[in-house]
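K.L.:
The structure is given below, and queries will be raised subsequently.
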Amino acid sequence: MGKILVTGGTGFIGSHTCVALINAGYQVVVMDNLCNSKVEAIARIEMITGKHLRFYRTDMRDKNGIRQIFEDNKIDAVIHFAGLKAVGESVEKPLEYYENNISGTLTVLEVMREFQCSILIFSSSATVYGSHNVVPYQEDMSTSATNPYGYTKVMIEQILRDVCLAQPKCSAVALRYFNPIGAHESGLLGENPNGIPNNLVPYVAQVAMGKLDCVRVFGNDYGTPDGTGVRDYIHVMDLAVGHVAALAYAVNHPGFEAINLGTGKGSSVLDVVHAYEKACGKKIPVKFVDRRAGDIATSYADVTKAKELLGWETVYDLEKMCADSWKFTLQNPNGL
Ligand code: NAD
Ligand code: WQD
């Protein structure tokens, strides 16, 4: 087991996972069409690790393009991050989301079958717990979604279950990420959204930089300790190491598993703002506004399964997540 194809490997979570894989001794081949990332990420990964990695600018829906990667490299396993991920945009453009995320994944799976590559780690999401379950979320709860993006995750998990039933040698692990934030501690890699950020921490970072005026807190009347939404924020490097653990597990365990990757701990919007104030040494202005449509009050993981099956748990706290996000933002004010 040595060579790993990372789809979406120039993106936020993929690039950090490349670092963790290389640090664990794997060879990494990256594939991305750069629709939401920059090729500069490759140079940054190489700077951090001191190792060379091969990059293909390929769309995952281009079957011959993916075949070429498998012909050029003996790929032992695939970690599949590539996909579109903006919830609001998925409501506006459902066909684009289903086409990109589902067709793209089917193409990757078809080529894997052709080349007898039987190990896949997939980026799923806590969004598959929908709005009907009660925290802490456990992997055996029923899944659903509230938007097309979320449905692509629910559907791809089902596709992977079915593929594992039909091809008993296959291993597929769907990692259900909670709220990944933070950056590599070097400040060389981090989150780099286009335009005005949708997610809380990139938005807070831009307020701290003076690029945006104040954080709009979406609702302070939830049934939570301070009334603002509670989420399970996880440091992206903890998440990255979780993929290395999942890969080691998948090698010896055929079949499908869904596993939560979170800290098991909830933090409110105001907790995040206060931790960020501490990290950047500035006051971050907030304004309370109406709840955002589709948001739930509270989301956090039951992390028992990840501990038991993968021997993995998080090590970084919210302060470290904010400190690393701030370092990346200061060093890269215009992104990568
Ligand atoms: P990202 O946008 O930074 O990375 C995704 C990468 O996929 C991008 O580099 C993009 O260019 C690439 N891509 C998209 N469509 C492609 C295609 N057709 N062919 C080739 N490359 C393509 O996002 P991220 O935050 O790193 O997320 C990675 C994965 O994790 C995604 O599948 C996302 O849905 C999932 N996820 C993310 C979060 C989060 O909060 N960031 C939470 C849960 C799950
Ligand atoms: C966090 C909290 C907001 C912005 C989303 C996707 C989910 C997953 C992760 C991919 C909430 C509040 C936010 C702001 C705010 N992605 N907030 N002001 O909504 O938990 O999850 O990203 O799978 O599918 O839905 O993350 O960072 O947008 O919000 O008050 O400007 O911050 O209401 O309580 P969310 P988020």
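K.L.:
Based on the alpha carbon coordinates of region 216-263, what radius of gyration and maximum Cα-Cα distance (Dmax) apply, in Å?
P.N.:
Gyration radius and largest Cα-Cα distance of region 216-263: 16.6, 47 Å.
K.L.:
Next question. Using only the Cα atoms of the chain, what are the Rg and Dmax in Å?
P.N.:
Spelled out, the Cα radius of gyration and Dmax of the chain are 19.0, 56 Å.
K.L.:
I need the fraction of alpha carbon pairs in region 286-336 separated by more than 17 Å, rounded to a whole percent.
P.N.:
That tail contains 67 percent of the Cα-Cα pairs.
K.L.:
Need one number: convex hull volume per residue for region 165-246, Cα atoms only, in Å³.
P.N.:
Cα convex hull per residue, to the nearest whole number: 182 Å³.
K.L.:
Using a cut-off of under 15 Å, list every residue of region 299-315 whose amide N is near the label point 7 Å from the Cα of SER131 along the Cα-to-beta-carbon line.
P.N.:
It comes to 299, nothing else.
K.L.:
Using alpha carbon centroids, what distance separates region 306-328 and region 165-186, in Å?
P.N.:
15 Å
K.L.:
With all protein chains present and a 1.4 Å probe, how do HIS274, HIS235, HIS184 order by accessible area, largest first?
P.N.:
HIS274, HIS184, HIS235
K.L.:
Along the charge dipole of the chain, which of GLY294, HIS52, PRO254 sits closest to the positive end, that is, farthest toward it, with unit charges on the beta carbon of Lys, Arg, Asp and Glu (+1, +1, -1, -1)?
P.N.:
HIS52
K.L.:
Residue by residue, what Karplus-based ³J(HN,Hα) values in Hz, rounded to whole numbers, does region 15-30 have, using 6.51, -1.76 and 1.60 with θ = phi - 60° and x for Gly and Pro?
P.N.:
Karplus-based 3J(HN,Hα) across region 15-30 equals 5, 5, 5, 4, 4, 5, 5, 5, 4, 8, x, 7, 8, 10, 10, 10 Hz.
K.L.:
A further question on this structure: Could you report the accessible area of SER37 in Å², rounded to 10, computed with a 1.4 Å probe on the protein chains as they sit in the structure?
P.N.:
20 Å²
K.L.:
What figure in square angstrom, to the nearest 10, would you give for the accessible area of LYS265 with a 1.4 Å probe?
P.N.:
Around 130 Å² of this residue is reachable by solvent.
K.L.:
Contact order normalised by length for the chain, with contacts defined as Cα pairs under 8 Å and 6 or more residues apart; what percent is it?
P.N.:
19 percent
K.L.:
Skip the ligands, DNA and RNA, and give the accessible area per residue of region 118-206 with a 1.4 Å probe, whole Å².
P.N.:
The answer is 38 Å² per residue.
K.L.:
For THR224, what accessible area in Å² do you get when you roll a 1.4 Å probe over the heavy atoms of the protein chains, rounding to the nearest 10?
P.N.:
20 Å²
K.L.:
Related question: Kindly state, to the nearest 0.05, the FRET efficiency for ALA166 paired with ASN198, given R0 = 30 Å and r defined as their beta-carbon distance.
P.N.:
The calculated FRET efficiency here is 0.20.
K.L.:
Right, here's the next one. Sort ASP317, ASP213, ASP59 by heavy-atom solvent-accessible area, probe 1.4 angstrom, most to least.
P.N.:
Reading off the accessible areas and sorting them downward yields ASP213, ASP317, ASP59.
K.L.:
Expressed as a whole percentage, what fraction of the accessible surface of the chain belongs to carbon and sulfur atoms when a 1.4 Å probe is rolled over the protein heavy atoms?
P.N.:
Its accessible area is 50 percent carbon and sulfur atoms.
The values are calculated or read from the model by the stated rules, or taken from the named source; none is laboratory data. What you see is a predicted model; the values in this text were computed from it and never measured. Positions of Cβ are generated from backbone atoms using ideal geometry, with glycine treated the same way; all protein chains shown enter the neighbour counts. These accessible areas exclude ligands, DNA and RNA; they are computed on the full protein's heavy atoms, side chains included. Shrake-Rupley method; radii C 1.70, N 1.55, O 1.52, S 1.80 Å.
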